[in-house]
1. Could you list all residues from the range 77-109 that are of a type in the set (A, V, I, L, M, F, W, C) and within 16 Å of the ligand (Cβ to nearest atom)?
2. Any residue in the range 207-232 that's in contact (Cβ under 8 Å) with a residue 24 or more places away in the chain: show its pairings with residues that are crowded, with 24+ Cβ neighbours inside 10 Å and hydroxyl-bearing (Ser, Thr, Tyr) at Cβ separation under 6 Å, as long as the two are six or more apart or on different chains.
3. Show me the strands (runs of 3 or more DSSP E) found entirely inside the range 1-90 where at least 2 residues are free of Cβ contacts under 8 Å to residues at least 60 places away in the same chain.
4. Any idea how many residues of the range 180-198 are surrounded by 15 or more Cβ atoms within 10 Å (Cβ to Cβ) and either polar (S, T, N, Q) or within 15 Å of the ligand (Cβ to nearest atom) (or both)?
5. Sort out which residues of the range 190-207 are closer than 26 Å to LEU91 by Cβ and of a type in the set (Lys, Arg), and write them in order of number.
6. Between SER252, SER243, which is in contact with a Lys or Arg (Cβ under 9 Å, 6 or more places away or on another chain) and more than 16 Å from the ligand (Cβ to nearest atom)?
7. Filter the range 110-144 down to the residues that are β-branched (Val, Ile, Thr) and out of contact with any helix residue (DSSP H, G or I) (no Cβ under 6 Å at 6 or more places or on another chain), then identify the one that is nearest to the ligand (Cβ to nearest atom).
8. Return the only residue of LEU144, LEU151 being in contact with a Cys (Cβ under 9 Å, 6 or more places away or on another chain) and buried (at least 21 other Cβ atoms within 10 Å of the Cβ).
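The values are calculated or read from the model by the stated rules, or taken from the named source; none is laboratory data. Just so you know, these numbers come straight off a predicted model, no measurement behind them. Cβ sites come from the backbone with ideal geometry, for glycine too, and all protein chains shown count toward neighbours.
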Amino acid sequence: MSTSFLSKKQIDEFGRCGFLVLSSLINDTLVEGLLEEIRGNLEPLREPVEFEADVGYPGAPAGRESEGGKTPRRLLQALSRSEIFEKILGLSSVKGALRDLLHTDRLLVSRNHHNCIMTKYPGFSSETNWHQDIRYWSFERAELISVWFSLGEENLKNGGLRIIPGSHKRRLSETRFDDRKFLRTDLPENQRLIDQAENVKLSGGDVLFFHCKVFHAAGSNETDSPKFSPVFTVHTSDNEPLSGTRSAELSSYSIC
Ligand SMILES: O=C(O)CCC(=O)C(=O)O
């Protein structure tokens, strides 16, 4: 394996907290290029798209025909939209960080999970409750990393992520989840866990790496500007999706 990109301190931080923010990994030109590409996919709207009405999250419009129901929430299949997404995943800094966190050069991006641009519009954005990304994924081992590219300020006000540090190491009983595998907020023991959450503040060009088992959530966008965040899920070639599951539907994309 090639030499280390991250410091030992950063690798330890990821191990302890389950997430790591690397600042200014994407330069301004690339951020602008990504924003231009995303706007071009929104106007006119290019399918496949998941709308606010489809997610059924708190605050989402009841149906596609309801007011705001057709507000885009995720532009799906990002890798099929433009080579610019391959470009950011292939940056030596991004690959270097992933190599250090997953301890191998053989890195694959799932086309079945994330592989999207999260869009959060003022007015009609819903909240995402506390969850682990792995909840609907089926791989040999729960050792995947989500890579979140920030293209502008992300904070509590515009629906930025909140993460519970160290929660990827917790083993919680099934009774602590609702039937969609979100943490039940009516339980005091869950509330105590949620009280430990940190707001993740990001700026344009920052990249957030987070473990597939770390609990995270996000609110609605209360500002006047939409927020766009390309997100991808990375696994290693010795951690295959289980055949016959949704995780195995489309073959992964190699960023070796
Ligand atoms: O931006 C958000 O609302 C969070 C999205 C998220 O955590 C997810 O889709 O897994």
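1. ALA78, VAL109 - these are the residues of the range 77-109 that are of a type in the set (A, V, I, L, M, F, W, C) and within 16 Å of the ligand (Cβ to nearest atom).
2. Here the result reads SER220/SER125; ASN221/SER125, each pair linking the range 207-232 to a residue that is crowded, with 24+ Cβ neighbours inside 10 Å and hydroxyl-bearing (Ser, Thr, Tyr).
3. Because the criterion is at least 2 residues that are free of Cβ contacts under 8 Å to residues at least 60 places away in the same chain, the strands (runs of 3 or more DSSP E) in the range 1-90 that meet it are 49-51, 72-75.
4. 5
5. Scanning the range 190-207 gives a single hit, LYS201.
6. Only one candidate passes the filter, namely SER252.
7. THR128
8. LEU144
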